[in-house]
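Everything below concerns the one structure shown next.
The values are calculated or read from the model by the stated rules, or taken from the named source; none is laboratory data. Computed from a predicted model, the values in this text were never measured in an experiment. Because the Cβ atoms are built from the backbone with ideal geometry, glycine has one as well, and the counts that use them run over all protein chains shown. What goes into the accessible areas is simple: the full protein's heavy atoms, side chains included, and nothing from ligands, DNA or RNA. Shrake-Rupley method; radii C 1.70, N 1.55, O 1.52, S 1.80 Å.
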Amino acid sequence: MDLRSLLTKRIYKEEVKHLASMVQSSFDDREFAEFFQLLYDEDARVSENIVWIMSHFNKVGWGRLNSKKQSLMEEAMHTSSTTELRLLLTIISKLSVSEEEIAIPFLNFCLDNITNMAQSVAVKSLCIYLSFQQCKFFPELLQELQTILTSYDGVSLSPGLKSARSKVLQAIAKNNRRNK
């Protein structure tokens, strides 16, 4: 099967689910690396389809992607596709992050996009959650995130952004109580 030629066309959710299952469980390391490399394809449809497939992975797939976390972050910071960005941020949010893995450029990217009016609600909300995942290890960064989120006080927000803001502010408060 020539995966790339399949991905140059429109694919449907059932195909995506089937491909996700196949890639994460049947592909050996070489095949998985070739699949992942299609993320950087010059055809935007191919790269968006690859990210869409990865977004349907289960725990096995997340485990295989965990070693690619830095590459996913880099791609998220450089893609011009809003669809690809949203899907990449969704994938990254499902991967575990440790204190040693914090990538300052990606953290800054997330913090900057929380207030970026050009970004969609979904991207801003995901950036709120991803910022917390990274800041929770450092009280001074949590304070900065809290300041950014409280700057929305009194501002009318969409339900998605309001929910993300509220949940993360609660998590920050809980984190602060635990560290006292």
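Convert each backbone phi in segment 70-76 into a coupling constant with the Karplus relation 6.51 cos²θ - 1.76 cosθ + 1.60 (shift: θ = phi - 60°), then list the ³J(HN,Hα) values in order as whole Hz, x for Gly and Pro.
4, 5, 5, 5, 4, 5, 4
Just how far, in whole angstrom, is segment 17-45 from segment 94-109 if you go by their alpha carbon centroids?
Each part reduced to its Cα centre gives a spacing of 24 Å.
Using only Cα atoms, what is the ratio of the radius of gyration of segment 71-132 to 2.2 N^0.38 Å?
The value comes to 1.00.
For segment 74-180, what log10 I(q)/I(0) values come out of the Debye formula at q = 0.16 1/Å, with one point per alpha carbon and no solvent?
Relative scattering, expressed as log10 I(q)/I(0), comes to -0.68.
Please compute the per residue accessible area over the chain with all protein chains in place, 1.4 Å probe, rounded to a whole number of Å².
54
May I ask you to give the percent of accessible area on the chain that is carbon plus sulfur, with a probe radius of 1.4 Å?
Ligands and nucleic acids excluded, carbon and sulfur reach 50 percent.
Please give me the summed charge of the neighbours of residue 9: other residues whose Cβ is under 13 Å from its Cβ, Lys and Arg +1, Asp and Glu -1.
-1
Name the most mobile residue of 11, 92, 114, meaning the one with the largest mean-square fluctuation, in a Gaussian network model of the chain with Cα contacts below 10 Å.
Looking only at 11, 92, 114, the largest GNM fluctuation is found for 11.
Whole-Å semi-axes of the chain's equivalent ellipsoid, largest first, each the root of 5 times a Cα gyration tensor eigenvalue?
Result for the chain: semi-axes of 32, 18, 13 Å.
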